[in-house]
Amino acid sequence: MSETLVSVQDMKVHFPIKRGVIMDRTVGYVYAVDGVDLEIKRGETYGLVGESGCGKSTLGRAMLRLNEPTAGKMIFDGQDFSTLKGEELRKMRRRIQMVFQDPLSSLDPRQSVESILVEGLRAHDLDEGKESTSKRLRELLTAVGLPTTALRKYPHEFSGGQRQRIGIARALALNPDLIVADEPVSALDVSVQAQVVNLLQELQEQFGLTYLVIAHDLAVVKHISDRVGVMYLGGLVEEASSEDLYAEPLHPYTRALLSAVPVPDPVVEDRRERILLAGDLPSPANPPSGCRFHTRCPWRQATKCDTERPALRELKPGHKVACHWAEQIQSGEIQPHEVKPILVEESDGLSPDVPLVGPASVTEALNP
Amino acid sequence: MALLEVRDLTVVFQRKGEEPFRAVDGVSFDVEPGQTVGLVGESGCGKSVTSLAIMGLLPKRGTKITGTVSYDGTDLLKLSDREMRDRRGRDLGMVFQDPLSSLNPVVPIGLQVTEVLERHRGMARKEAMIEAKELLDKVGIPDPNRRLKEYPHQLSGGMRQRALIAIALACRPKLLIADEPTTALDVTIQAQILSLMKELVQDLGTALVMITHDLGVVAGLCDEVNVLYGGKVVEKAMRHELFAEPRHPYTHGLLASIPRLDAATHSKLTPIKGSVADNIPWSQGCAFAPRCPNALDVCVRVTPPEEDQLGRLLRCHNPVVPGTPAAEEVRA
């Protein structure tokens, strides 16, 4: 059994932007995920952070093949998951389960908890008679901290935190190796968040699970992850163990991100220095050339940054960063300077080299 | 006298055939010019209803508001609709949580800013446009001339929130109420908006009421903090005192349940057990008692009175003794 459970190689997800009614032409792409490599070891928790629109959820979904990746592959436990088909794919899916963000919309409102949990078991032939199944269901509910009376109830009868527990029980039912949790706690109130975070940690110890946790809340990710990858505009910009990343962020974006997170302590808040990023996230349909971050980077240099896309390289053991000038920034050789916010065009992602011919919509076709 | 004095504000929602629901239950606080006061709590604690009641934005039907909200000596709750309309936007500004749904989608940004100026400051359109441009510039929107002609959907989330702040500030209100102004935004954009609001409070001497669920935001911004639970203020203190020594078990529990960036990894969080659904009515005892690790027998029988303890208000029979570590770990 190898140590690596999941290995993602050069994963790309490009969503086409279509135009036209009769002639369906692709006029551009949204580069949601653009070349990501990552490895997740057995039994660890890998945290994926980034702001909205950076492609973290798309990456998670593409790994499960809920969205087909445009390019790249995912090796799961030594097998190429991205080329599996039909029955083989279905069988493999038992081993990778997902917990979704919004617990209410990801549970069927017309199915009782029992039926939600049994559905997966039946689909994978794990339903071996009434007795063993009902025993299994009770085990599951105890594991996630719900009373066994919950089986007969429907999702709307539970609070947000309890619903998320049902979602976790559903993922757990099939004895998966990997659980992909997409924003598992962001829809919950703070006092309930901690309950679910603790539950995830307990289950990991109990069942030896591997997690991929996708979240925008850096504090939550730091708290539960062993290793953390930071994404910006479709690519990983930094990857390190969570202690290293927070103790010594190397990429300018990670630094800004960490300095922006409010800490519930006025003493710390008054003292700390903020790196305020100018402007907004550029459109993923029209990403900046070279380093994706150069338009907002306070450490931007005159050369290389806008022409060459930096590769993820290992600066220290286990600490990877995608920045041309990471060493110089760390040693203080390069100092931050002011950045003028650049207008972010809310473009429709049309590339200028595709000529626009023909109607763009039915109305346009009828009223030329 | 403080600029805004809220006394015993109570909001009761009554629907036919249903038990009346006390969303806000006797909330009192003061705001001085140039001061930032925070209202903190989880969803359903009544913080947004408090702000809507102050602004006179709650529906008339089925709502009973009692208490006083005196602004500069006048009770806002007693004003007629017409008088209130004159004050809203001029004396009282408000920034809402979701900038997309609080801007008119079919009116250009420029017109939405000048509308306030024309209505309250009697400016002509041309004059107002020049002022609007300056406002957008002040809140950090690049290329304001072009942005004035654009519609809300053409702006990013952060820019929309800036535009909304520009509208709220157009008439230099003495009081600004911000209801979760950064909740819908990403952290880096949140940092931009918060530093902008801090600057504006300092420069213009505006009084700010900050409503949020994020204790981190409160720690960096507010002078005085009111912690709400179930419609009542359970603890009120200056921010340094509150965060250094949370006395109410709820405040204490909230702080212990938030993962912190500067804490060691894999440290266990101490959640508050149960959920808001477990609350008992305040008339019976302490609403928080069923979830409270410090609960005594008296907590479910007697409503805890509001007590002044060394400069902070506390509503608890058995407060946390300063210096004790987080309450015993409770498994929910």
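Annotation: of all residues in region B:47-89 being of a type in the set (Lys, Arg) and either exposed (fewer than 14 other Cβ atoms within 10 Å of the Cβ) or within 14 Å of chain A (Cβ to nearest Cβ) (or both), the one that is farthest from A:Val190 (Cα to Cα) is B:Arg82.
Any residue in region A:153-162 that is touching a residue at least 24 places away in the same chain (Cβ under 8 Å), in contact with a strand residue (DSSP E or B) (Cβ under 8 Å, 6 or more places away or on another chain) and either open to solvent by 70 Å² or more (accessible area, probe 1.4 Å) or in the same structural domain as A:Met63 (by TED's automatic domain parsing) (or both)? Steps first, please.
Of region A:153-162, the ones touching a residue at least 24 places away in the same chain (Cβ under 8 Å) are A:153-156, A:159-161.
Filter once more, keeping what is in contact with a strand residue (DSSP E or B) (Cβ under 8 Å, 6 or more places away or on another chain): none.
No, every residue in region A:153-162 fails to be touching a residue at least 24 places away in the same chain (Cβ under 8 Å), in contact with a strand residue (DSSP E or B) (Cβ under 8 Å, 6 or more places away or on another chain) and either open to solvent by 70 Å² or more (accessible area, probe 1.4 Å) or in the same structural domain as A:Met63 (by TED's automatic domain parsing) (or both).
In region A:237-249, the residues that are without any contact (Cβ under 8 Å) to a residue 12 or more places away in the chain form Cβ pairs under 7 Å with partners that are outside any strand (DSSP E or B) and open to solvent by 10 Å² or more (accessible area, probe 1.4 Å), at six or more places apart or across chains, as follows: A:Glu243/B:Thr265; A:Pro249/A:Arg255; A:Pro249/A:Leu258. For A:Lys316, are the conditions met, namely being among the basic types (Lys, Arg) and without any contact (Cβ under 8 Å) to a residue 60 or more places away in the chain? Judged against the criteria, A:Lys316 is not a match. Out of the residues in region B:232-245 that are more than 7 Å from chain A (Cβ to nearest Cβ) and open to solvent by 20 Å² or more (accessible area, probe 1.4 Å), state the one that is farthest from B:Gly311 (Cα to Cα). Once the filter is applied, the top-ranked residue is B:Lys232.
Which residue is nearest to the other protein chains (Cβ to nearest Cβ), if the candidates are limited to region B:173-185 and must be closer than 27 Å to B:Gly44 by Cβ and at pLDDT 85 or above? First the steps, then the outcome.
The initial filter retains those residues of region B:173-185 that are closer than 27 Å to B:Gly44 by Cβ, namely B:175-185.
Remaining after also requiring at pLDDT 85 or above: B:175-182.
On the way: B:Leu175: 23, B:Leu176: 20, B:Ile177: 20, B:Ala178: 15, B:Asp179: 17, B:Glu180: 13, B:Pro181: 13, B:Thr182: 9 Å.
Among those residues, the one meeting the criterion is B:Thr182.
Scanning region A:256-275 for residues that are facing another protein chain (nearest Cβ under 9 Å) and of a type in the set (Asp, Glu) yields A:Asp265, A:Glu269, A:Asp270.
Scanning region A:48-70 turns up no residue that is more than 16 Å from the chain's Cα centre (by Cα), open to solvent by less than 60 Å² (accessible area, probe 1.4 Å) and in the same structural domain as A:Leu89 (by TED's automatic domain parsing). Considering region B:248-269, and only residues there that are over 21 Å from B:Asp30 (Cα atoms) and more than 11 Å from chain A (Cβ to nearest Cβ), the residue that is surrounded by the most Cβ atoms within 10 Å (Cβ to Cβ) turns out to be B:Pro249.
From the list A:Arg42, A:Arg19, A:Arg25, which residue is open to solvent by 20 Å² or more (accessible area, probe 1.4 Å) and either within 29 Å of A:Gln206 (Cβ to Cβ) or modelled with pLDDT of 90 or more (or both)? Explain how you work it out, then say what you get.
Numbers: A:Arg19 fails: either within 29 Å of A:Gln206 (Cβ to Cβ) or modelled with pLDDT of 90 or more (or both); A:Arg25 fails: either within 29 Å of A:Gln206 (Cβ to Cβ) or modelled with pLDDT of 90 or more (or both).
The match here is A:Arg42.
Among the candidates A:Tyr232, A:Tyr253, A:Tyr246, the residue that is under 18 Å from A:Ser57 (Cα atoms), surrounded by 17 or more Cβ atoms within 10 Å (Cβ to Cβ), hydroxyl-bearing (Ser, Thr, Tyr) and within 12 Å of chain B (Cβ to nearest Cβ) is uniquely A:Tyr232. Selection within region A:199-212: residues that are open to solvent by 10 Å² or more (accessible area, probe 1.4 Å) and at the interface with chain B (Cβ under 10 Å from one of its Cβ atoms). The member of this set that is farthest from A:Lys41 (Cα to Cα) is A:Glu202. The set of residues from region B:123-142 being within 11 Å of another protein chain (Cβ to nearest Cβ) and under 21 Å from B:Pro105 (Cβ atoms) comprises just one member, B:Ile141.
Suppose we filter B:Leu194, B:Leu204, B:Leu164 for residues that are in contact (Cβ under 8 Å) with a residue 60 or more places away in the chain and either away from chain A (no Cβ under 13 Å) or in contact with a Ser or Thr (Cβ under 9 Å, 6 or more places away or on another chain) (or both); which single one remains? Before the answer, list the steps.
Numbers: B:Leu194 fails: in contact (Cβ under 8 Å) with a residue 60 or more places away in the chain; B:Leu204 fails: in contact (Cβ under 8 Å) with a residue 60 or more places away in the chain.
Criteria check complete, one pass: B:Leu164.
Checked against (1) away from chain A (no Cβ under 13 Å); (2) within 27 Å of A:Arg255 (Cα to Cα), B:Ala170 passes all but condition (2).
Please tell me if A:Ala187 is more than 18 Å from A:Ser112 (Cα to Cα), crowded, with 18+ Cβ neighbours inside 10 Å and not basic (Lys, Arg). Spell out how you get there, then give the answer.
Working: more than 18 Å from A:Ser112 (Cα to Cα): yes; crowded, with 18+ Cβ neighbours inside 10 Å: yes; not basic (Lys, Arg): yes.
Yes.
Taken together, the criteria exclude B:Gly44 from residues that are more than 20 Å from B:Ala237 (Cα to Cα), modelled with pLDDT of 90 or more, in contact with a helix residue (DSSP H, G or I) (Cβ under 8 Å, 6 or more places away or on another chain) and open to solvent by 20 Å² or more (accessible area, probe 1.4 Å). Among strands (runs of 3 or more DSSP E) entirely within region B:230-332, having at least 3 residues that are at pLDDT below 90 singles out B:307-309.
The values are calculated or read from the model by the stated rules, or taken from the named source; none is laboratory data. Being a predicted model, the structure only gives us computed values, none of them experimental. Methodologically, a virtual Cβ is constructed for each residue, glycine included, from the backbone with ideal geometry; neighbour enumeration extends over all protein chains shown. Quick note on the areas: whole protein, heavy atoms, side chains included, nothing else; ligands and nucleic acids left out. Shrake-Rupley method; radii C 1.70, N 1.55, O 1.52, S 1.80 Å.
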